[in-house]
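Peer 1: Starting off with a structure, shown below.
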Amino acid sequence: MPTYNLSLMRYHVWSIGCQMNTADARRMSDELQEYGGERCERIEDADVVVLYSCVVREAAQNKVHNELEQIRQIKRRRPSMRVALAGCMVEDDREILAKRYGFVDRFLSPKLDLPLPHQVADFLDLDERYRLDPDDGERITGVSQPVTISQGCNRRCTYCIIPFRRGDERSRRPDVIRREVEHLVARGTKEVVLLGQIVDRYGRDIGNTLGELCADISEVDGLERIRFLTSYPLDFDRPLMEAVASLPKVCEDVNLPIQAGDDQMLRRMARGYGVESYERLIEEMRSVIPYLGLSTDIIVGFCGETEGQFDNTLALLERARFDIVHVAMYSPRPGTASARLWEDDVPTEEKKRRIHEVERVQARIAGEINAGLVGTRQEMLVEGRRKGKWYGRTRHNKLLFFESAGELGGRVVNVDVTRGTSWSLQGSLCEEDV
Ligand code: SAH
């Protein structure tokens with residue numbers, strides 16, 4: 001059994017991909033910190049390395065492989081280094097991975113429900129009794145922090161690998177979540193982003209709802225804002241809309257992936273809704289929630305997508321006028337229905353053209369929406385500094401920059417918008433907040 005000088009254990013936690021990985025990586029860092037570890041920037045300096053991998057897109061997966069190859073070299077020189085691979089790569093391919101990366105000490109499966117402290121203890125071959133008092137943990141600053149509230153997914157969208165990697169849907173208990181939020185707020189967090197694959201289904205397995213959870217978390221003193229993502233159209237019900245509209249801490253910000261603006265494509269993706277019902281839903285949301293910030297996800301070049309079908313997606317963007325669109329080229333993922341059943345027949349060049357077309361149309365729309373905000377006063381949470389300016393997000397998730405000599409990090413301030421482009425807003429700090 002390896003021994004550790006606890007005060008000298010240096011750890012490096014790396015993550016890529018979705019915010020759930022960011023949240024898991026943060027909890028892992030906190031846990032290692034509580035074991036007396038010390039964070040280090042460079043893998044070369046670390047005694048313990050944990051990688052949170054992603055397989056949703058091929059580019060992300062390649063980056064994980066690159067990272068692992070680099071670690072292989074380092075570990076050759078320093079065999080005492082301990083390496084854990086976590087995240088979605090660690091599932092069905094486990095045996096192949098173990099063969100290819102024999103130097104990895106532990107594979108931490110996202111399906112594993114073993115509480116994190118036990119996972120860490122297991123990984124470090126430590127006993128629970130070595131744990132230090134949580135309050136001794138060094139702060140990892142984060143004004144806005146992701147918090148995972150449910151794991152897994154019961155849907156089977158034909159392109160998506162997540163259900164195979166993260167297992168079935170299960171919700172974390174509200175009291176556990178609330179304690180995590182209280183813990184974060186005590187360390188300076190002002191905003192939490194509640195995460196789930198289908199976050200608006202939260203609680204159905206434990207007799208709770210996302211609206212109720214938001215009301216519960218709203219009671220945490222010192223917490224300023226609550227956001228949640230990703231929502232699924234068929235699960236976004238009226239009570240949730242009303243909760244967003246009525247709970248002051250919940251931001252008017254919804255991420256509602258449509259994936260395509262064509263009914264045939266949506267059927268092929270097995271999304272379970274059509275374009276018309278999606279548009280009815282966002283109309284209802286916008287009527288219940290005044291000035292809603294709405295974002296969506298789009299996949300271009302899905303199997304068999306014709307030019308006409310793609311044009312339907314562009315037309316939808318014109319009608320729906322989203323604030324933000326996340327667009328990706330379809331890539332077949334192992335084990336998914338689409339990879340088994342249909343040819344990936346849209347050439348890469350054409351997929352690129354479609355991506356650029358979506359970006360071009362959306363940049364214009366976002367530019368129009370943002371220019372329309374000039375002259376308004378927006379509440380924003382100051383999240384950091386960039387190039388001599390403070391930045392943060394409005395309630396509707398618009399990035400907003402302003403200049404001030406004040407020490408404003410983590411504060412909620414009001415800013416008068418003076419300029420709006422496709423990507424962000426500029427403004428000046430409101431007199432009372434100076
Ligand atoms: N649970 C969320 C999505 C999680 S994955 C939902 O209900 O949609 C995040 C985004 O990655 C998806 O919205 C989709 O647009 C994209 N994505 C997922 N699988 C993909 C694939 N095989 N190829 C390209 N993009 C994909």
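Values in this text are rule-based calculations from the coordinates and carry no lab data. It should be emphasised that the depicted structure is a prediction, and the values quoted were computed from it without experimental measurement. With ideal geometry, Cβ positions are generated from the backbone for all residues, glycine too; neighbour counts draw on all protein chains shown.
Peer 1: With N residues in the chain, what two-decimal value do you get for its Cα radius of gyration over 2.2 N^0.38 Å?
Peer 2: For the chain, the normalised Cα radius of gyration is 1.02.
Peer 1: Taking H as built 1.01 Å from N, whose amide H comes closer than 5 Å to the amide H of residue 15, not counting residues under 5 places away?
Peer 2: 52
Peer 1: Here is a further query. Give me the dipole magnitude in Debye, nearest 20, for the stretch 5-88 about the Cα centre, with unit charges on the beta carbon: positive for Lys and Arg, negative for Asp and Glu. Intermediate results must be reported in sequence, preceding the final value.
Peer 2: Working: 13 positive and 12 negative charges, 63 e Å.
Result for the stretch 5-88 is approximately 300 debye, rounded to the nearest 20.
Peer 1: Can you bin the stretch 8-75 into rounded, prolate or oblate? Criterion: square roots of the alpha carbon gyration tensor eigenvalues sorted a ≥ b ≥ c, rounded for a/c under 1.5, prolate for a/b above b/c, oblate for the rest.
Peer 2: On the way: a/c = 3.47, a/b = 1.31, b/c = 2.65.
Oblate.
Peer 1: May I pose another question? Given H placed 1.01 Å from N in the peptide plane, which residues other than close sequence neighbours of residue 255 have an amide H under 5 Å from its amide H?
Peer 2: Answer set, sorted by chain and number: 231, 295.
Peer 1: Right, something else. Evaluate the charge dipole of the chain about its Cα centre and quote only its size in Debye, nearest 20, assuming +1 on the Cβ of each Lys and Arg and -1 on the Cβ of each Asp and Glu.
Peer 2: 1000 debye
Peer 1: Using only Cα atoms, locate the centre of the stretch 363-434 and the centre of the stretch 193-266, then give the distance between them in Å, rounded to an integer.
Peer 2: Using only Cα atoms to place each centre, the spacing works out to 24 Å.
Peer 1: Mean residue ellipticity at 222 nm from the helices of the chain, using -39,500 (n - 2.57) per DSSP H segment of n ≥ 4 over the full residue count, to the nearest 500 deg cm²/dmol?
Peer 2: Roughly -11000 deg cm²/dmol at 222 nm, from the helical runs in the chain.
Peer 1: Another one. Could you give me the ³J(HN,Hα) list for the stretch 142-159, computed from phi with Karplus coefficients 6.51, -1.76, 1.60 and θ = phi - 60°, whole Hz, x at Gly and Pro?
Peer 2: Coupling constants for the stretch 142-159: x, 5, 10, 10, x, 9, 6, 10, 8, 10, x, 7, 8, 7, 10, 4, 5, 8 Hz.
Peer 1: For the chain, what number of Lys pairs, 8 or more residues apart or on separate chains, have alpha-carbon atoms under 28 Å from each other?
Peer 2: Lysine pairs meeting both conditions in the chain amount to 18.
Peer 1: Tell me the GluC sites (Glu not before Pro) within the stretch 310-401 that lie in a loop according to DSSP and have at most 14 other beta-carbon atoms within 10 Å.
Peer 2: 343
Peer 1: Might you list the cysteines of the chain that have no disulfide-compatible partner by the rule of another cysteine's Cβ under 4.7 Å?
Peer 2: By the Cβ distance rule, which asks for a partner under 4.7 Å, the isolated cysteines are 18, 40, 54, 88, 153, 214, 251, 303, 430.
Peer 1: Report the residue, chosen from 324, 71, 206, that carries the largest GNM mean-square fluctuation when the chain is represented by alpha-carbon nodes joined by springs under 10 Å.
Peer 2: Result for the chain, Cα springs under 10 Å: 206 fluctuates most.
Peer 1: So what's the net charge close to residue 309: Lys and Arg +1, Asp and Glu -1, counting the other residues with Cβ under 11 Å from its Cβ?
Peer 2: With Lys, Arg at +1 and Asp, Glu at -1, the neighbours total -3.
Peer 1: Here's a follow-up. Which of the GluC sites (Glu not before Pro) found in the stretch 9-64 are in a DSSP loop and have at most 11 neighbouring Cβ atoms, other than their own, within 10 Å? Please report the intermediate quantities before stating the final value.
Peer 2: Working: sites: 31, 34, 38, 41, 44, 58; in loops: 41.
Here the sparse-neighbourhood loop sites are 41.
Peer 1: Please list, by residue number, every one of the chymotrypsin sites (Phe, Trp or Tyr not before Pro) in the stretch 362-424 that is coil in DSSP and has at most 15 other beta-carbon atoms within 10 Å.
Peer 2: Numbers: sites: 390, 391, 401, 402, 423; in loops: 423.
Loop-located and lightly packed - 423.
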